[in-house]
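Asker: Take a look at this one; I'll ask things after.
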Amino acid sequence: MPDFWEHPKEAQAQMKKIKDIQAWIDGYNEIDKATEELQLAWDFLKEGVIEESELDTLYASTIEKIESLELRNMLRREEDKMDAVIKINSGAGGTESQDWAQMLMRMYLRWAEKHGYKTSIANLLEGDEAGIKSCTINIEGSFAYGYLKSENGVHRLVRVSPYNAQGKRMTSFASVFVTPLVDDTIEVKVEQALISWDTFRSGGAGGQNVNKVESGVRLRYQFTDPYTGEKEEILIENTETRDQPKNKENALRQLRSILYEKELQHRMQEQAKIEAGKMKIEWGSQIRSYVFDDRRVKDHRTNHQTSDVNGVMDGDIDEFIKAYLMEFAGNEPQ
């Protein structure tokens, strides 16, 4: 379409859809190529051209690619494909917990960087001596929220504190709260059968300015809230121009805007409910423990754990995300 870029928002929304579809195609093609190479490697092994270890490496790589695409396929909720907002708050404990909050911030920034996501720090409140009291990070990219929703909750750190002269083992907490970053690409569905039109003459100052044709339009839309079931008649009048089709177009645009706002308000209310349900930063409410001295990071929901503490703090948290989604994503309401 020659006028495609004359409507930037619609064009960007369409390009994002295309990019999402292309990601699935690329994923399939990558797996298709990997399985072909694996079959070829098997033939080479039988001919004695390659070692068995080379086949094992290729097999592991192929399985990883398949599981990665299967994991993304589990993210089917509408908001899963959206960008994400991560809010990190330090718990009680002053400098120690504020340092821990900053370490978590770095961990998520590194994770995003490794996955090619765009990040921006929307808000940052520095700690009194070190670390941060809180921060808000926007992470933009396909399925950012779907993957990161597994990080919601309280994260517990156990280590010998560098801020304690006695070298005591300290426990610190920080809360992580992830929400979808709602944008203006929400699709608005208008049911044509629920629209009725009236026309009327637009008012004027008299004389030649009086509109002698019924160019004014009145749109009535019988709206039923999909979440509450409440019924409402939306009434829109438009007399912007003396062209009745143009006024109808303008009225429909206003209707889409009203319906969009209603959907946005619902999403904000849902987000507020999630906000209200945040866990307190206290013993017993943590989702994951990071025990530095024992070289152990354990997720208490899935029991997945690793001894690669340095890797985790450098953003290698995919195994934790995968374990969570494999166990819980299929049970979420659609």
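Asker: Among 173, 320, 44, which one shows the highest mean-square fluctuation when the chain is modelled as a Gaussian network with alpha-carbon springs under 10 Å?
Answerer: For the chain, modelled as a Gaussian network with Cα springs under 10 Å, the answer is 44.
Asker: Still on this structure: From Cα coordinates alone, what are the radius of gyration and Dmax values for the range 192-271 in angstrom?
Answerer: 15.8, 55
Asker: Here is a follow-up. Can you work out the Karplus-derived ³J(HN,Hα) for every residue in the range 38-52? Use 6.51 cos²θ - 1.76 cosθ + 1.60 with θ = phi - 60°, whole Hz, and x for glycine or proline.
Answerer: Listing the rounded values in order: 5, 4, 5, 5, 4, 5, 5, 5, 5, 8, x, 7, 10, 8, 4 Hz.
Asker: Pull out the extension gain between residue 68 and residue 163, defined as 0.36 nm times the separation in residues minus the alpha carbon to alpha carbon distance; nm, one decimal. The partial results should precede the final answer.
Answerer: Details: separation 95, 0.36 × 95 = 34.20 nm, distance 4.03 nm.
In short, 30.2 nm is gained.
Asker: Between 51, 37, 237, find the one with the highest GNM mean-square fluctuation for the chain; connect C-alpha pairs within less than 10 Å.
Answerer: Most flexible of the set in this elastic network: 51.
Asker: So, one more: What shape does the range 81-180 take by its C-alpha gyration tensor, where a ≥ b ≥ c are the square roots of the eigenvalues and a/c under 1.5 counts as rounded, a/b above b/c as prolate, and the rest as oblate?
Answerer: Details: a/c = 2.42, a/b = 2.14, b/c = 1.13.
It is prolate, given that a/c is not under 1.5 and a/b is the larger ratio.
Asker: Please give me the summed charge of the neighbours of residue 158: other residues whose Cβ is under 10 Å from its Cβ, Lys and Arg +1, Asp and Glu -1.
Answerer: On the way: positive: 156, 159, 169, 296; negative: 293, 294.
Computed value for this residue: +2.
Asker: Oh, and also: I'd like the Karplus ³J(HN,Hα) series for the range 21-32: coefficients 6.51, -1.76, 1.60, θ = phi - 60°, whole numbers in Hz, and an x wherever there's a Gly or Pro.
Answerer: Per residue, the Karplus-derived 3J(HN,Hα) values read 5, 4, 5, 5, 5, 4, x, 5, 4, 5, 5, 4 Hz.
Asker: Label-point separation (nm) for residue 305 and residue 201, each offset 7 Å from Cα along Cα-to-Cβ?
Answerer: Here the answer is 8.4 nm between the modelled labels.
Asker: Same structure again: Report the charge-dipole magnitude of the range 23-73 in Debye, nearest 20, computed about the Cα centre from +1 at each Lys and Arg Cβ and -1 at each Asp and Glu Cβ. Please list the in-between numbers first.
Answerer: Values: 4 positive and 14 negative charges, 39 e Å.
It works out to roughly 180 debye.
Asker: Given R₀ = 45 Å, FRET efficiency for residue 296-residue 61 by Cβ-Cβ distance, to 0.05? Present the calculation step by step, with values, prior to reporting the outcome.
Answerer: On the way: r = 27 Å, r/R0 = 0.61.
Computed FRET efficiency for residue 296 and residue 61: 0.95.
Asker: Per the helix-only calculation at 222 nm, which mean residue ellipticity applies to the chain, given -39500 (n - 2.57) for every DSSP H run of n ≥ 4 and division by its residues, nearest 500 deg cm²/dmol?
Answerer: Numbers: 7 runs with 135 residues, N = 334.
That comes out to -14000 deg cm²/dmol.
Asker: What is the chain's relative contact order, in percent, from Cα pairs under 8 angstrom and six or more apart in sequence?
Answerer: Working: 499 pairs, mean separation 54.9, N = 334.
Normalised by residue count, the contact order of the chain is 16 percent.
Asker: What is the gain in length, in nm to one decimal, between residue 92 and residue 242 on full extension, counting 0.36 nm per residue of separation less the C-alpha to C-alpha distance?
Answerer: Values: separation 150, 0.36 × 150 = 54.00 nm, distance 6.48 nm.
Residue separation times 0.36 nm, minus the Cα-Cα distance, leaves 47.5 nm.
Asker: Hey, another quick one. Within 10 Å, count the other beta carbons around each residue, average over each peptide in 304-316, 89-101, and list them highest first. Don't jump to the answer; show the numbers that get you there.
Answerer: Values: 304-316: 15.2, 89-101: 21.7.
The peptides rank, most packed first, as 89-101, 304-316.
Asker: Of the listed values (1) 27.3, 98; (2) 25.5, 79; (3) 23.6, 78, identify the label whose number matches Rg and Dmax of the Cα atoms in Å calculated from this model.
Answerer: (1)
Asker: So, counting K/R as plus one and D/E as minus one, what does the shell of residues with Cβ under 12 Å around residue 118 add up to?
Answerer: On the way: positive: none; negative: 83, 113, 140.
Residues close to residue 118 contribute a combined charge of -3.
Asker: Now for a separate question. For residue 29 and residue 47 in one chain, what is 0.36 nm times their gap in residues minus the Cα-Cα distance, to one decimal in nm? Before the final figure, lay out each step's value.
Answerer: On the way: separation 18, 0.36 × 18 = 6.48 nm, distance 2.73 nm.
Taking 0.36 nm per residue and subtracting the Cα distance, the gain is 3.8 nm.
Asker: Find, to one decimal place in angstroms, the Kirkwood hydrodynamic radius of the range 23-73, where the mean of 1/r is taken over every pair of different Cα atoms and then inverted.
Answerer: 11.4 Å
Asker: So, one more: Please list 3J(HN,Hα) in residue order for the range 85-94, calculated via the Karplus relation 6.51 cos²θ - 1.76 cosθ + 1.60 where θ = phi - 60°; whole Hz, with x for glycine and proline.
Answerer: 10, 10, 10, 10, 10, 6, x, 5, x, x
Asker: Additional query: Describe numerically, in nm with one decimal, the distance between label points set 7 Å from Cα along Cα→Cβ at residue 314 and at residue 257.
Answerer: My value for the distance between the label points is 5.2 nm.
Asker: Can you pick out the pairs among 114/322; 87/133; 33/114 whose Cα atoms lie more than 18 Å from each other? All intermediate terms of the calculation are to be shown ahead of the outcome.
Answerer: Numbers: 114/322 16 Å; 87/133 11 Å; 33/114 23 Å.
Going by Cα-Cα distance, 33/114 fall outside the 18 Å limit.
Each reported figure results from applying straightforward, stated rules to the coordinates on display, with no laboratory input. The structure displayed is predicted, hence computed values, not measured ones. All Cβ positions, glycine included, derive from the backbone under ideal geometry; neighbour counts span all protein chains shown.
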